[in-house]
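Enquirer: The structure's right below; bear with me while I get my questions together.
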Amino acid sequence: MKKTSKLLLLSSLFLGLATGAFAQKKFVLITMDSMDEHWLSVKKGAETKAKELGDVEILFRAPAGKVDPNEQTRMVEDAINQKVDAILLAPSDKSALAPVVERAIDEKIPVVIIDSPIDTEGYVTFLSTDNYAAGALAADTLAKLVDEKGKIGIINAQPGAGTAIARSSGFEDRVKEKYPNMKVVAVQYSNGDKAVALNQATDIMTANPDLAGFYGSNEGSTVGISRALEEAGKGGTVKLVGFDFSKDTITGLKNGTIQASMVQNPEMMGYEGVGSAYDSIQGKKVSKHIDTGVKVVTAGDLK
Amino acid sequence: MSSNIGVLKDIRKKVGEENFQILSVLSGLVAMMIFFSMASPYFFTMNNMMTVALQTSIIAIIAIGQTFVLITTGIDLSIGSNMAIAGIVTSLCLVNGVPMIIAILLGLLSGIIAGLINGLLIVLGDLPPFVVTLGTMSIVRGLALVITKGIPVSGLPKAFRYIGNGKVFDIPFSVIIMFLLTGIFGFILSKTKLGTHIYACGSNIEAARLSGINTKKTLIQVYVFSGFLAACSGIVLASRIASGQPSAGIGYELFAVASAVIGGTSLAGGEGIITGTLIGALVIGVLRNGLNLMGVSAFLQEILIGVVIILAVFADRIKRR
């Protein structure tokens, strides 16, 4: 009798140890690229939450080059085959990634969508900045800077990405609705390449010498425009409202080429994303959309 | 020995004929410029012409190297990645307090090493250039990401910004670099023995080898040139955007090929001139700038640039028939 209880105790101890060692939950985090500081912040937030939870391991994946939906699809497929416990995905294309996300859901793997929307249901939750509202807020901010009148140039990241579409249409719709004396005269796509955005901004200023302001809808576009303004000696004369926060945007805010930047909370996306995935595995209820907020940062906020 | 001289003479004659090629590309460029001048009042201004030259300089510099490679029937797909690594090496050195001249030299060295590795693999391993440079394109891009952990290197000293932003008598410094490199490498290709050897390798490598040319050494030199020029361009780019970007230069190798091809370089090898390539790069630069000034949609621009590339090659084909 004693022997069996001892054995039971021992085996349960062993089992406990084993589960302790092997019950590490594997969460895969797939972002759009591995370079933008935005994604590195998402990763940081996810890792912080994982450390807090203790039994979650974050596997970070991102296309090596720039935004590539095919590469992301492959990464989700690999995660499914690896039988991970949850997938956190920032889809670079809302329709291209939909089928593979549906496959993951069919395989009973909880999927958390981060940053940009996806054209399918069944995911656990969607954490994002309300990009459309952020675009509108950027329009309001720029309107104030240019006294609600004049020509505006827009440089977007990539065509087709849900985030970019929402940010630009939020901006353009607000201008049309509220500021009849402001006119969007040019819309370009830099794919987030700073050198490309720099050239495009220069050309827009050449074609419109009386340009009042610029709107850059992501980090690369914003920094490219700010470099163009610096090169043309128009920093502060032509107003710039940008997006995101990085060493380069801080430089722009400080030297006066960027008047304001719309700053998201990417760390929150990663942090809450891992939390929601964990809760859903535990069977807790998770709300379908979590707004991680955006705030207007100006040079004054840096002090 | 007499056959050797015969081969070389033949090649020289061919180079002479290519002046005609330059003239036709140049007239295309001028026609385009007249059109844009009429379409937009802002196009033909001193300021905008300088802008076009500035925007073109980065592509033109890598396209010079690509021309050398294409003449030998090769291709260098790694130049975009080599641009990034040179920019990063230089930026990292600068941020860590290395004197500017040394930082730039180390950046250039990284490109030379990349070119040397390409050349050695192609020649000693007898491997196709397309595959070798496709591999190094990925390896070098990966290196750029690993070194920087994917984060751009910013906070470069003000003095370094001069390379990409400074002006000498109102001419952007990077445009001067572009013309300087065009002059030097144009001279190497058209006036030196090495240049003749490069054409010979592209026309018929076996004949070149039999006539006593060290074809292996010649090919390696060509890839070193390409790596060096990619590094030059990468450093100018890093200076222009004031940071070392691991993602710099993605897709630029295709612009370089397009510039060379529009400028009359044959993908079959043996033909091509540096001035032609410079004009080819200007054609693409003027087209982008002009369409931007006219307010043509970004999507339509992609189509038009593709059309011009195909038309340029097509016109060349017809002329040769």
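The values are calculated or read from the model by the stated rules, or taken from the named source; none is laboratory data. Keep in mind that this is a model prediction, so the values were computed, not measured. Note: ideal-geometry Cβ built from the backbone for every residue, glycine included; neighbour counts use all protein chains shown. Note: accessible area is taken over every heavy atom of the protein model, side chains too, but ligands, DNA and RNA are not part of it. Shrake-Rupley method; radii C 1.70, N 1.55, O 1.52, S 1.80 Å.
Enquirer: Quick one: Karplus J couplings for region B:122-138, per residue in order, coefficients 6.51, -1.76, 1.60, θ = phi - 60°, nearest Hz, x for Gly and Pro?
Expert: So the J values, rounded to whole Hz, are 5, 7, 6, x, 6, 9, x, x, 4, 6, 4, 6, 5, x, 5, 3, 6.
Enquirer: When the solvent-accessible surface of protein heavy atoms is calculated with a 1.4 angstrom probe, in what order do B:GLU253, A:GLU57 fall, highest first?
Expert: A:GLU57, B:GLU253
Enquirer: A follow-up question, please. Send over a whole-number figure in Å² for the accessible area per residue of the protein assembly as shown, probe 1.4 Å.
Expert: Accessible area per residue, the protein assembly as shown: 43 Å².
Enquirer: Using the scaling law 2.2 N^0.38 Å as the reference, what is the normalised Cα Rg of the protein assembly as shown?
Expert: 1.08
Enquirer: Same structure again: Taking every eigenvalue of the Cα gyration tensor of chain A, multiplying by 5 and rooting it, what semi-axes result, largest first, whole Å?
Expert: Three semi-axes, in Å: 45, 18, 16.
Enquirer: Any chance you could tell me what percent of the C-alpha pair distances in region A:151-198 go past 18 Å?
Expert: So the portion of pairs separated by more than 18 Å is 31 percent.
Enquirer: May I pose another question? Treating the angle as unsigned and between 0 and 90°, give the value, to the nearest 10°, between the Cα long axis of helix A:69-81 and the longest Cα principal axis of chain A.
Expert: 10
Enquirer: Something else now. Taking Cα pairs under 8 Å and at least six residues apart, what relative contact order does region A:216-303 come out at, in percent?
Expert: Averaging sequence separation for qualifying contacts and normalising by length gives 27 percent for region A:216-303.
Enquirer: How large is the accessible surface of A:ASP85 in square angstrom, using a 1.4 angstrom probe and rounding to the nearest 10?
Expert: 60
Enquirer: Just reorder B:VAL146, B:VAL25 by solvent-accessible area, largest first, 1.4 Å probe, all chains present.
Expert: B:VAL146, B:VAL25
Enquirer: Rg and Dmax of region B:78-206, Cα atoms, in Å?
Expert: 17.5, 51
Enquirer: Compute for chains B and A the buried accessible surface, both sides summed, probe 1.4 Å, and express it in Å² to the nearest 100.
Expert: Separately minus together, B and A give about 2400 Å² buried.
Enquirer: Treating the angle as unsigned and between 0 and 90°, give the value, to the nearest 10°, between the Cα long axis of helix A:162-178 and the longest Cα principal axis of chain A.
Expert: On a 0 to 90 degree scale, this one is about 40.
Enquirer: Now, a different point. Grab the alpha carbons of region A:57-168, take their convex hull, and tell me the volume per residue in Å³.
Expert: 116
Enquirer: State log₁₀ I(q)/I(0) for chain B at q = 0.07, 0.08, 0.12, 0.15 Å⁻¹ as given by the Debye formula over alpha-carbon point scatterers of equal weight, solvent excluded.
Expert: Ignoring solvent entirely, the Cα scatterers give -0.28, -0.36, -0.82, -1.22.
Enquirer: Hey, got the Cα dimensions of region A:131-263 along the principal axes, in Å, largest first?
Expert: 33, 30, 25 Å, listed from the longest principal axis down.
Enquirer: Then there is this: At a probe size of 1.4 Å, how large is the accessible area of B:MET49, to the nearest 10 Å²?
Expert: 50
Enquirer: Measure off, as a whole percent, the carbon and sulfur share of the 1.4 Å-probe accessible area of chain A, all protein chains present.
Expert: 54
Enquirer: Moving to a separate point now. With a 1.4 Å probe and every protein chain left in place, tell me how much accessible area B:ARG317 has, in Å² to the nearest 10.
Expert: Counting only protein heavy atoms, B:ARG317 exposes about 140 Å² to solvent.
Enquirer: For chain A, calculate the relative contact order in percent as a whole number, restricting contacts to Cα pairs under 8 Å that are 6 or more residues apart.
Expert: Here the relative contact order equals 19 percent.
Enquirer: Now for a separate question. Could you give the angle, 0 to 90 degrees to the nearest 10, between helix A:194-207's Cα long axis and the longest principal axis of the Cα atoms of chain A?
Expert: 20
Enquirer: In whole percent, and with a 1.4 Å probe on the protein chains, what portion of the accessible area of chain B is carbon and sulfur?
Expert: 73
Enquirer: Accessible area, 1.4 Å probe, largest first: how do B:SER174, A:SER280 sort?
Expert: Listed by decreasing accessible area, they come as A:SER280, B:SER174.
Enquirer: Also, I was wondering about something else. For region A:131-263, what is the relative contact order in percent, using Cα pairs closer than 8 Å and at least 6 residues apart in sequence?
Expert: It comes to 26 percent, rounded to a whole number.
Enquirer: Only protein chains counted, 1.4 angstrom probe. Which residues of region B:253-296 are at least 40 Å² less accessible in the assembly than when their chain is isolated?
Expert: Going by heavy-atom accessible area, the residues of region B:253-296 that drop by at least 40 Å² are B:ASN292, B:LEU293.
Enquirer: With runs of 4+ DSSP H residues as the only contributors, calculate the mean residue ellipticity of the protein assembly as shown at 222 nm using -39,500 (n - 2.57) per run, divided by the residue total and rounded to the nearest 500.
Expert: The helix-only estimate for the protein assembly as shown comes to -21000 deg cm²/dmol at 222 nm.
Enquirer: Taking the Cα centre of the protein assembly as shown as origin, work out the dipole magnitude from +1 charges on Lys and Arg Cβ and -1 charges on Asp and Glu Cβ, in debye rounded to 20.
Expert: So the magnitude is around 1120 debye.
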